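Quick notes on the structure that follows.
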Amino acid sequence: MKSYLEINKNSWNNRTAVHLESEFYDVKSFLEGKSSLNSIELNLLGNVEGKSILHLQCHFGQDTISLSRLGAKSVGVDLSDKAIEAGRELALKDNSDARFICSDIYDLPNHLDEKFDIVFTSYGTIGWLPDLDKWAKVVSRFLKPQGKFLIVEFHPVVWMFDDDFQLIECKYFKSDAIKTTEETYTENAEQKDDFVTWNHSLSEVINSLISSGLQINSLDEYDYSPYNCFNQTEEFESGKFRIKHLENKIPMVYSVLATKGNI
Ligand SMILES: C[S@@+](CC[C@H](N)C(=O)[O-])C[C@H]1O[C@@H](n2cnc3c(N)ncnc32)[C@H](O)[C@@H]1O
């Protein structure tokens, strides 16, 4: 039987090829200078000029390269070798010094031996990881004392619903692995792939970070997603998407900013 890592790696490799051609990721505008970062993370990151940033689960690196355009020394990490290959090619085309490492997050300490001012991860990341205590230890391992960690992530409430947001299908709290076969979220989706995911409640995220030696500076929830990546959406303000029939009744995204202690 294939492991969750083999299944997800293969499917993210398939998705990468589709994403590179999509309007959703709009590589052409990106290479013409458009940043892929959204105001939520830009406001929370603050000025990154001269900062070293480890970007976990970077996909094909648009955010990693956007951070290096802002003057950061960024390193992107992802499980998908196809995504990392594409990230390196984009960085070359962009004259960027962003670096890329292909690794499972849990295995990263075997591939990288540096400490960073900031560790950053966003939108569609921790759901691919079964154990958040293990994840938070990796985050902490790569932060300098007083370094900042920022996660901006889809809210676990969103993952409770069926694809059309009509029914509650999954538990809010973490349960066994969720096995799905689905098309990707870009407009040019072609085929269905198998995935293995986990739902992580907010308390699980926060407590894993606290246990790994981080202090929580802020936890915020947003009633919109900056990405139009769900069914049944409306753009109620420019760049802000929510589920039309649910209006502002559910949280769509959350962010946690944390600081590593001196140890
Ligand atoms: C939704 S994308 C990342 C989000 C990013 N904001 C974006 O849209 O470009 C999720 C990424 O997580 C990566 N990933 C999944 N499981 C992983 C693991 N165990 N270790 C490292 N990366 C993983 C996938 O390869 C994929 O590139």
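The values are calculated or read from the model by the stated rules, or taken from the named source; none is laboratory data. All values derive from a computational prediction rather than experimental measurement. Positions of Cβ are backbone-derived with ideal geometry, glycine not excepted, and every protein chain shown enters the neighbour counts. Heavy atoms of the whole protein, side chains included, go into the accessibility calculation; ligands, DNA and RNA do not. Shrake-Rupley method; radii C 1.70, N 1.55, O 1.52, S 1.80 Å.
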Does region 1-33 hold any residues that are over 20 Å from ASN188 (Cβ atoms) and within 12 Å of the ligand (Cβ to nearest atom), and which are they? SER3, TYR4, LEU5, GLU6, ILE7, ASN8, LYS9
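I need the strands (runs of 3 or more DSSP E) fully contained in region 180-263, keeping only those with at least 1 residues that are under 20 Å from the mean Cα position of the chain (by Cα).
On the way: elements: 193-197, 214-222, 233-237, 240-243, 253-260.
Passing ranges, in order: 193-197, 214-222, 240-243, 253-260.
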Scan region 74-94 and tell me whether some residue there is open to solvent by 20 Å² or more (accessible area, probe 1.4 Å), over 25 Å from GLY46 (Cα atoms) and in a loop (DSSP other than H, G, I, E, B). yes
Unmet requirement for GLU153, which otherwise passes all of (1) among the charged types (D, E, K, R); (2) in contact (Cβ under 8 Å) with a residue 40 or more places away in the chain; (3) open to solvent by 10 Å² or more (accessible area, probe 1.4 Å): (3)
Being part of a helix (DSSP H, G or I), closer than 22 Å to ASN228 by Cα and away from the ligand (no atom under 14 Å from the Cβ) is the filter here; which residues of region 128-160 pass it? MET160
Of (1) basic (Lys, Arg); (2) closer than 26 Å to LYS28 by Cβ; (3) within 17 Å of the chain's Cα centre (by Cα), LYS148 satisfies every one except (2)
Being within 12 Å of the ligand (Cβ to nearest atom), touching a Leu at 6+ places or on another chain (Cβ under 9 Å) and without any contact (Cβ under 8 Å) to a residue 60 or more places away in the chain narrows it down to one of LEU42, LEU108, LEU56, LEU90, so name that one. LEU108
Among the residues of region 111-127, how many are in a strand (DSSP E or B), within 12 Å of the ligand (Cβ to nearest atom) and over 13 Å from CYS58 (Cα atoms)? 0
